[in-house]
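Participant: Take a look at the following structure, please.
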Amino acid sequence: MDFQFTEEQLAVQAAARDFAQSELWAGVIERDEHQKFPAEQIKKMGELGFMGMMVSPEYGGGGMDTVSYVLAMEEISKVDASCSVIMSVNNSLVCWGLEKYGTEEQKQKYLPRLTSGEIIGAFCLSEPEAGSDATMQRTTAEDMGDHYLLNGTKNWITNGSTASVYLVIAQTNPELKHRGINALIIEKDTPGFVVGLKENKLGIRGSDTHSLMFTDVKVPKENRIGEDGFGFKFAMHVLAGGRIGIAAQALGIASGAFELALKYSKERKAFGVEIAKHQAIQFKLADMATDIDAARLLCLQAAQDKDNHVDYTKSGAMAKLFASKVAMDTTAEAVQVHGGYGFVKEFHVERFYRDAKITQIYEGTSEIQKIVISRELLK
Ligand code: CAA
């Protein structure tokens, strides 16, 4: 493992840090409180190149590596995990999936607008009865010759109402089980496609999460990604990379909360001295910092595997499993270090504490990561 960052990687990290610190703190509590989508902030992130970081410049992307992406995700997540989930879905799931498996026409049509932040994308796999058990797709894409007829409901879709392009996973041939599933590109204003109610969430409240309904939606055959029946594998490949992004998000949530706790511990006095002078607090800080460094190493390992074209299924799942646990533990301790102040909104750590939980749920629960890891070990 060699994590001597290149000048380019350090420049990306510095740019993300600068943007997050100067543009995301303002209004983050209000956006969280009122579930306000960070439209302006996402537009700027597109202008700065954060919405299509790994996409080739040929399609308007930054042509960057996954290590740079992890560094940027950590910095954005240190301040606003709602912005980073929007960024993560757009980069890792939508742009990466389209660039890797889309036709030349699909790439030309969607990638330049997705990478610039002009539009954003959504990835639609989960259903009311198919979350972890993703092969159980009830949404159907009936083959009608020159088009598919899409019917069904998707749940908990990030960027549900704000996206313009949706990658929808649906069953075409139930007899073939997961080998009969397809991935289709649907545009927002396609007749029969309706965005359902917005979820009122515990965390990442600035991002919009919706159910989606499809009734006899006509999808041209040229909107299918990959060969007939490739949809489930498409979803699995895309999620394997997506988990590196969410691991980096969890890392950023943890390090953001830690930095606040460290600062507070040097300011707040109790029993006549700064609380950082008490061993009870020092032990917490030492544990938090150690966990965060370990999580960062796992994230970078997975990113490096991806950049080196080494199978990253296991390392990505390990990074997500561990970093999301570290996010939970660290944010709880950051609240504890803040005492009563940690329980109120102004000090931010209660938001990090709420945001951390989703990293153990989306893009595969922690239990799913353990299944993925153990399968790789037992291969
Ligand atoms: N890469 C490539 N192919 C894979 C794969 C991977 N990582 N994992 C499985 N596959 C392939 C298998 O090889 C198999 O193909 P063949 O039959 O042709 O050999 C096929 O997929 C089916 O595999 P399994 O029999 O192993 O499938 P399974 O039903 O046992 O489940 C699972 C596998 C890993 C549990 C999978 O269902 C899974 O990942 N579930 C979690 C889904 C998930 O992450 N959902 C999150 C929703 S998206 C989201 O959250 C986005 C957001 O908004 C932020």
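Participant: Ala122 - would you say it is in contact (Cβ under 8 Å) with a residue 40 or more places away in the chain, within 22 Å of Ile181 (Cα to Cα), among the hydrophobic types (A, V, I, L, M, F, W, C) and within 15 Å of the ligand (Cβ to nearest atom)?
Facilitator: Values: in contact (Cβ under 8 Å) with a residue 40 or more places away in the chain: yes; within 22 Å of Ile181 (Cα to Cα): yes; among the hydrophobic types (A, V, I, L, M, F, W, C): yes; within 15 Å of the ligand (Cβ to nearest atom): yes.
Spelling it out, Ala122 is indeed in contact (Cβ under 8 Å) with a residue 40 or more places away in the chain, within 22 Å of Ile181 (Cα to Cα), among the hydrophobic types (A, V, I, L, M, F, W, C) and within 15 Å of the ligand (Cβ to nearest atom).
Participant: Here's a follow-up. Can you name the condition, by its number, that Asp307 falls short on among (1) among the acidic types (Asp, Glu); (2) at negative phi; (3) over 23 Å from the mean Cα position of the chain (by Cα); (4) away from the ligand (no atom under 16 Å from the Cβ)?
Facilitator: (3)
Participant: Of these, Val67, Val89, Val85, which one is more than 30 Å from Leu150 (Cβ to Cβ), among the β-branched types (Val, Ile, Thr) and not in a loop (DSSP other than H, G, I, E, B)?
Facilitator: On the way: Val89 fails: more than 30 Å from Leu150 (Cβ to Cβ); Val85 fails: more than 30 Å from Leu150 (Cβ to Cβ).
Criteria check complete, one pass: Val67.
Participant: Take Asp189 and tell me if it is among the charged types (D, E, K, R) and over 17 Å from the mean Cα position of the chain (by Cα). Full working, then the answer.
Facilitator: Values: among the charged types (D, E, K, R): yes; over 17 Å from the mean Cα position of the chain (by Cα): yes.
Answer is yes for this residue.
Participant: If I ask for residues that are exposed (fewer than 11 other Cβ atoms within 10 Å of the Cβ) and touching a residue at least 40 places away in the same chain (Cβ under 8 Å), which ones from the range 267-276 would you list?
Facilitator: none
Participant: Taking the range 128-142 only, how many residues are among the polar types (S, T, N, Q), surrounded by fewer than 21 Cβ atoms within 10 Å (Cβ to Cβ) and not in a strand (DSSP E or B)? Let's see the steps before the verdict.
Facilitator: Residues of the range 128-142 that are among the polar types (S, T, N, Q), as a first pass: 132, 135, 137, 139-140.
Those still in the list that are surrounded by fewer than 21 Cβ atoms within 10 Å (Cβ to Cβ) too: 132, 135, 140.
Subset that is not in a strand (DSSP E or B): 132, 135.
Residues meeting the conditions: 2.
Participant: Of all residues in the range 108-127, count the ones that are out of contact with any helix residue (DSSP H, G or I) (no Cβ under 8 Å at 6 or more places or on another chain) and either assigned to a strand (DSSP E or B) or closer than 20 Å to Gly241 by Cα (or both).
Facilitator: Just the residues of the range 108-127 that are out of contact with any helix residue (DSSP H, G or I) (no Cβ under 8 Å at 6 or more places or on another chain), to begin with: 109, 113, 124, 126-127.
Keeping just the survivors that are either assigned to a strand (DSSP E or B) or closer than 20 Å to Gly241 by Cα (or both) gives 124, 126-127.
Summing the residues that are out of contact with any helix residue (DSSP H, G or I) (no Cβ under 8 Å at 6 or more places or on another chain) and either assigned to a strand (DSSP E or B) or closer than 20 Å to Gly241 by Cα (or both) in the range 108-127 gives 3.
Participant: Can you name the residue in the range 128-139 that is out of contact with any strand residue (DSSP E or B) (no Cβ under 6 Å at 6 or more places or on another chain) and more than 8 Å from the ligand (Cβ to nearest atom) and is also nearest to Glu367 (Cα to Cα) among such residues?
Facilitator: Let us first name the residues in the range 128-139 that are out of contact with any strand residue (DSSP E or B) (no Cβ under 6 Å at 6 or more places or on another chain), namely 129-135.
With the extra rule that they be more than 8 Å from the ligand (Cβ to nearest atom), the set shrinks to 129-130.
Numbers: Glu129: 17, Ala130: 15 Å.
Restricting to residues being out of contact with any strand residue (DSSP E or B) (no Cβ under 6 Å at 6 or more places or on another chain) and more than 8 Å from the ligand (Cβ to nearest atom), the top hit is Ala130.
Participant: Every residue in the range 168-215 that is among the acidic types (Asp, Glu) and assigned to a strand (DSSP E or B), please.
Facilitator: Here is the first cut: in the range 168-215, the residues among the acidic types (Asp, Glu) are 175, 187, 189, 199, 208.
Scanning the range 168-215 gives a single hit, Glu187.
Participant: Hey, another quick one. Please note which helices (runs of 4 or more DSSP H) are completely contained in the range 286-379 and include at least 1 residues that are over 23 Å from Ile86 (Cα atoms).
Facilitator: Working: elements: 313-338, 349-356, 366-378.
Helices (runs of 4 or more DSSP H) meeting the threshold: 313-338, 366-378.
Participant: Can you work out which of the residues in the range 274-285 that are part of a helix (DSSP H, G or I) and not hydrophobic (A, V, I, L, M, F, W, C) is nearest to Thr359 (Cα to Cα)? Walk me through it before giving the result.
Facilitator: Of all residues in the range 274-285, those part of a helix (DSSP H, G or I) come to 275-277, 279-285.
Those still in the list that are not hydrophobic (A, V, I, L, M, F, W, C) too: 277, 279, 282, 284.
Working: Lys277: 32, Gln279: 30, Gln282: 27, Lys284: 22 Å.
Applying the filter and picking the extreme gives Lys284.
Participant: Could you list, in sequence order, the residues of the range 348-379 that are of a type in the set (Gly, Ala, Ser) and more than 19 Å from the chain's Cα centre (by Cα)? It would help to see each step written out before you state the result.
Facilitator: The initial filter retains those residues of the range 348-379 that are of a type in the set (Gly, Ala, Ser), namely 356, 364, 366, 374.
Hit for the range 348-379 is Ser374, nothing else.
Table: residues versus (1) surrounded by 24 or more Cβ atoms within 10 Å (Cβ to Cβ); (2) assigned by the TED database to the domain that holds Phe37; (3) modelled with pLDDT of 95 or more; (4) not small (Gly, Ala, Ser).
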position: Gly49; (1), (2), (3), (4): no, yes, yes, no
position: Met54; (1), (2), (3), (4): no, yes, yes, yes
position: Ile76; (1), (2), (3), (4): yes, yes, yes, yes
position: Ser82; (1), (2), (3), (4): yes, yes, yes, no
position: Thr103; (1), (2), (3), (4): no, yes, yes, yes
position: Ser126; (1), (2), (3), (4): no, no, yes, no
position: Met144; (1), (2), (3), (4): no, no, yes, yes
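Participant: Next question. Taking the range 234-266 as the region of interest, how many residues are within 19 Å of the chain's Cα centre (by Cα) and surrounded by fewer than 17 Cβ atoms within 10 Å (Cβ to Cβ)?
Facilitator: 1
Participant: May I ask you to say which residue of Met64, Met87, Met73, Met136 is free of Cβ contacts under 8 Å to residues at least 24 places away in the same chain and aliphatic (A, V, I, L, M)? Write out each step before concluding.
Facilitator: Working: Met64 fails: free of Cβ contacts under 8 Å to residues at least 24 places away in the same chain; Met87 fails: free of Cβ contacts under 8 Å to residues at least 24 places away in the same chain; Met73 fails: free of Cβ contacts under 8 Å to residues at least 24 places away in the same chain.
Of Met64, Met87, Met73, Met136, the one residue that is free of Cβ contacts under 8 Å to residues at least 24 places away in the same chain and aliphatic (A, V, I, L, M) is Met136.
The values are calculated or read from the model by the stated rules, or taken from the named source; none is laboratory data. A quick note: this is a predicted structure, and the numbers were derived from the prediction, not measured. Backbone-built Cβ (ideal geometry, glycine too); neighbour counts: all protein chains shown.
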